[in-house]
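What follows is calculated from the coordinates using simple rules that are stated; it is not laboratory data. Bear in mind that the values here come from a model prediction, so they are computed numbers and not experimental data. Positions of Cβ are backbone-derived with ideal geometry, glycine not excepted, and every protein chain shown enters the neighbour counts.
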Amino acid sequence: MEHRWGMAIDLDRCTGCEACVVACHAENNLPVSTPEQAAQGRTAHWIRVDRYYEGEFPDVKVKHMPVLCQHCDDAPCEPVCPVYATYHNAEGLNVQVYNRCVGTFYCANNCPYTVRYFNWFAPEWPEPLPLQHNPDVAVRPAGVMEKCTFCIQRIKRTKENAAQEGRPLADGDVLPACVQSCPAEAMVFGDLNDPESKVSRLAQHGRASRLLEELGTKPKVFYLQKVK
Amino acid sequence: MATAPELLPYHQIREDLFRPLSRVSRRYLFVTLIAFIVGTAGLVAWGFQLRRGMGVTGLQRPVFWGVYIVDFVFWIGISHAGTLISAILRLTDAAWRKPVTRAAEAITVFALMIGAMFPIIHLGRAWLFYWLLPYPNSRLIWPNFRSPLLWDLTAIVTYVTGSIIYLYLPLIPDLAQLAAHNTPWRRRLYRALALGWTGSDREWHALERAMKLMACIILAVAVSVHTVVAWDFAMAVAPMWHSTIFGPYFVTGAIFSGIAALVLAMAIIRKVLRLEVYLTKHHFDRLAKLLLLMSLLWLYFTLAENLTVWYGNDPKEMAVFGARTRAHYAPYFWTMMFLNFAVPFVLLGIRRLRTITSATVASVSVLIGMWLERFVIVVPTLANPRLSSASSFYTPTWIEAAITAATFAAMAMLYMIFAKLFPIIAVWEFKPHPQEDD
């Protein structure tokens, strides 16, 4: 395995501005939902910002936590798919093959992070949003499951560019849309196989932990926060 | 006290049981028509869902499995009526089973056909369902046999095949009798299906052995089918699904609802076809006791499942437990407890109250209760995932209601058509000496 992609998110830095959510929508051709659809629980955001409240009013603290596909090494979603629509690729990414998906929903049920999203209808965008579709990303039809890909199209393009220029990939070359757009620089993406990469060092940090680690899913997203 | 059907002269038995085949009443046509209309409405609803997308259901993140999966488990459960009960009774040589077995075996076949539709109805892209089948294909992909859904597919296809054979084998001698005197098209049908049965000693011997063997096989298959259905849930790491007792719990629930379906079907057959002499208080009494036993067994499993969760007090599981017993889904849960335990316990547990009518009432109660049981198992777990920020509620839409109603109509229609083509009570079993010519 040449690369093993992972992410670190510093919760002490996250302001909950949701720039990552918007960037993800633009990059990955995610449909925009109406308020009615949102009320029905039909939104699709490959990254969402969960809020946790601490303390009693008026002395309340809000903690924001961006949650995306954790790209688990032992992903519970993978073995349950009857048609191999979701599997582990050689770089440790949990990949979703839209064309193969028949929509059994089983993967989404078995994801403890609830980060899988379904195309309830054929996707729609209000004008002029269709004009800004990303040509590198497929638009998913009705009836298939989808989720965060760690911007696999960006990983591919960066690798191709580096190969053309005849240089190895440097740490920080690959920037998923959410990481690129984070104004607080709370998110870091990189290669966990490279012990010197920023993400590897953050993963070793004393503040680092993983979400629902106790389930043994071995997620590749590390959350950093000070534990009081 | 009605006379036991065994004491009637054989020619009268044959007369009585073949009579319903040759007469089609106005009421029969009317009920079939209604069933047909409700079934068609369900097909239209499904067409709408296929065209628009799964969004026409009430499903939403994180409740990705809803009424369709509830219906699936319910119908597969009903299918245990037959085969399992009839196989147990056949293997134990219970003489009173004779008028009961075929009605039960037919329920199995039709309930399975209907139940097996639901995983397909529930697919996001239902037209690609055949991608789950293992066959060499241009996509060069073999299905993933690590997925419990593939186990399910395998188990259900085996069960459908087995139960059709199991229904068919004991039909053969009756078919041969029917071929002897009938209208021309029926004669052709029965003769073709009778496979040239002449009633020789060798044939009887072979049939006897085949039925014994199939009874053994079908028992194992039936238990494995509902265990695998349970594992669709239990293999997932979701709170209150990931339970070791789900296999036997589901099998118990399946037999429980299966007996209820059988009692209801028998009560209807008895009234409509006027077979009071054949389906007597005696049969209902036996089945009512069996139903009561299964009710208690079901209660035991339900207690074991919920009490351990409650005592263990794991926050993730308690969120589901709370939703089930105290919050949003509490009405479903407590209605289920009432219908599945209180009603049969009172109506069937007290000997004075145990009549044909009360057994039928208890059966309807159990059928509704067991549908709710599956709802209570499927939905609250999904609605309360591990990350509480994603939790939600689920309310089905009219599309799901229409498709569910259509399956009940389909069951009624299939059963009624079956009862017009084949004797719903095995005639030859009443023959004093089956090997002899009539």
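With the cut-off at 31 Å, tell me which of the pairs B:Lys289/B:Lys316; B:Lys212/B:Lys289; B:Lys281/B:Lys420 have Cα atoms farther apart than that. Working shown, then result.
Values: B:Lys289/B:Lys316 39 Å; B:Lys212/B:Lys289 25 Å; B:Lys281/B:Lys420 24 Å.
Too far apart for the 31 Å limit: B:Lys289/B:Lys316.
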Exercise for the section: Quick one: which residues, 5 or more positions from A:Phe222 or on another chain, have an amide H under 5 Å from its amide H? H modelled 1.01 Å from N in the peptide plane, none for Pro or chain starts. Expected result: A:Met7, A:Ala8, A:Ile9
Exercise for the section: Please work out the FRET efficiency for the pair A:Tyr52 and A:Ala163, using the Cβ-Cβ distance as r and a Förster radius of 56 Å; give the result to the nearest 0.05. Expected result: 0.85
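Can you give the FRET efficiency for B:Ala327 and B:Ala210, using 1/(1 + (r/R0)^6), R0 = 51 Å, r = Cβ-Cβ distance, to the nearest 0.05?
Details: r = 53 Å, r/R0 = 1.04.
So, using R0 = 51 Å, E works out to roughly 0.45.
Can you put B:Phe246, A:Phe189 in order, fewest other beta carbons within 10 Å first? Show your work: numbers first, answer last.
On the way: B:Phe246 23, A:Phe189 26.
Sorted ascending by nearby Cβ count, the order is B:Phe246, A:Phe189.
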Completion exercise
Lone Cys, the protein assembly as shown, Cβ cut-off 4.7 Å -> A:Cys14, A:Cys17, A:Cys24, A:Cys72, A:Cys81, A:Cys101, A:Cys111, A:Cys151, A:Cys182, B:Cys216
Problem - Amide H within-cut-off set for A:Val67, under 5 Å, with H built and near neighbours excluded - result: A:Arg48, A:Val49, A:Asp50
Problem - Highest-fluctuation residue, A:Glu56, A:Glu18, A:Glu196 considered, GNM on chain A with Cα pairs under 10 Å - result: A:Glu56
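Please grab the % of Cα pairs in chain B that end up more than 27 Å from each other. Could the numbers behind the result be given before it?
Values: 53099 of 95703 pairs.
Every Cα pair in chain B considered, those over 27 Å come to 55 percent.
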Fill in the blank from the handout: CD proxy, 222 nm, the protein assembly as shown: helix-only mean residue ellipticity via -39,500 (n - 2.57) per DSSP H run with n ≥ 4, per residue, nearest 500, stands at -16500 deg cm²/dmol
Exercise for the section: Would you please give the residues with an amide H less than 5 Å from that of B:Arg61, counting only those at least 5 places away or on a separate chain, with H modeled from the backbone geometry? Expected result: none
Completion exercise
At q = 0.12, 0.21, 0.22 1/Å the base-10 log of I(q)/I(0) from the Debye formula over the alpha-carbon atoms of the range B:341-396 is -0.45, -0.75, -0.79
Practice task
Calculate, for B:Ser25 and B:Ser392, the FRET efficiency according to 1/(1 + (r/R0)^6) with r their C-beta to C-beta distance and R0 60 Å; round to the nearest 0.05.
Solution key: 0.75
Problem - 3J(HN,Hα) from dihedral phi, the range B:269-281, Karplus parametrisation 6.51/-1.76/1.60, rounded to Hz, x for glycine, proline - result: 4, 4, 6, 5, 8, 6, 9, 4, 6, 8, 9, 9, 3
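Remind me, relative contact order of chain B in percent, using alpha carbon pairs under 8 angstrom and six or more residues apart?
Worked out over chain B, it gives 31 percent.
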Handout entry: Within chain A, percent of DSSP bridges classed antiparallel, to nearest 5
Key = 85 percent
Exercise for the section: Name the longest site-free stretch of chain B, where the excluded sites are GluC sites (Glu not before Pro) in a DSSP loop with no more than 14 other beta-carbon atoms within 10 Å. Expected result: B:1-275
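What Kirkwood hydrodynamic radius, in Å, does the range A:129-228 give when the mean of 1/r is taken over all pairs of distinct Cα atoms and then inverted?
About 16.1 Å for the range A:129-228.
Do any of B:Lys98/B:Lys431; A:Lys147/A:Lys198; A:Lys147/A:Lys220 go past 22 Å between their Cα atoms, and which? Intermediate values should be presented prior to the final figure.
Numbers: B:Lys98/B:Lys431 11 Å; A:Lys147/A:Lys198 25 Å; A:Lys147/A:Lys220 15 Å.
Too far apart for the 22 Å limit: A:Lys147/A:Lys198.
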Practice task
Can you list which of the trypsin sites (Lys or Arg not before Pro) found in the range B:220-327 are DSSP loop residues with at most 14 other C-beta atoms within 10 Å?
Solution key: B:Arg274, B:Arg326
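Considering only the other residues whose Cβ falls under 15 Å of the Cβ of B:Gly55, what net charge follows from Lys and Arg at +1 and Asp and Glu at -1?
Numbers: positive: A:Arg42, A:Arg140, B:Arg51, B:Arg52, B:Arg61, B:Arg125; negative: A:Glu36, A:Glu124, A:Glu146, B:Glu400.
Overall, the nearby charge balance is +2.
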Problem - Whole-Hz ³J(HN,Hα) from phi, Karplus 6.51 cos²θ - 1.76 cosθ + 1.60, for the range A:78-93, glycine and proline x - result: 6, x, 7, 6, x, 10, 6, 6, 10, 8, 9, 8, 5, 9, x, 7
Handout entry: 12 Å reach of a label modelled at B:Phe48, 7 Å along Cα-to-Cβ, counting backbone N of the range B:382-410
Key = B:397-403
Exercise for the section: Take chain A, connect every pair of alpha-carbon atoms lying under 10 Å apart with a spring to form a Gaussian network, then pick out the residue of A:Val60, A:Val137, A:Val188 with the largest mean-square fluctuation. Expected result: A:Val60
Handout entry: Inter-probe distance in nm under a simple model that places probes 7 Å from Cα toward Cβ, at A:Asn134 and B:Tyr300
Key = 5.7 nm
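Please work out the Cα convex hull volume for the protein assembly as shown and give it in Å³ per residue.
Working: hull volume 125.2 nm³, N = 666.
In the protein assembly as shown, the Cα convex hull volume per residue is 188 Å³.
Just check the range A:1-56 against the gyration tensor rule for me: Cα atoms, a ≥ b ≥ c as the square roots of the eigenvalues, rounded for a/c under 1.5, and otherwise prolate or oblate depending on whether a/b exceeds b/c.
Details: a/c = 2.33, a/b = 1.13, b/c = 2.05.
Oblate shape, in that a/c is at least 1.5 and b/c is the bigger or equal ratio.
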Exercise for the section: Treating the angle as unsigned and between 0 and 90°, give the value, to the nearest 10°, between the Cα long axis of helix B:26-52 and the longest Cα principal axis of chain B. Expected result: 30 degrees
Practice task
Distance between Cα centroids, the range B:47-69 to the range A:158-226: provide it in whole Å.
Solution key: 36 Å
Exercise for the section: Note down the nm distance, to one decimal, between modelled labels 7 Å out along Cα→Cβ at B:Ala342 and at B:Arg274. Expected result: 4.1 nm
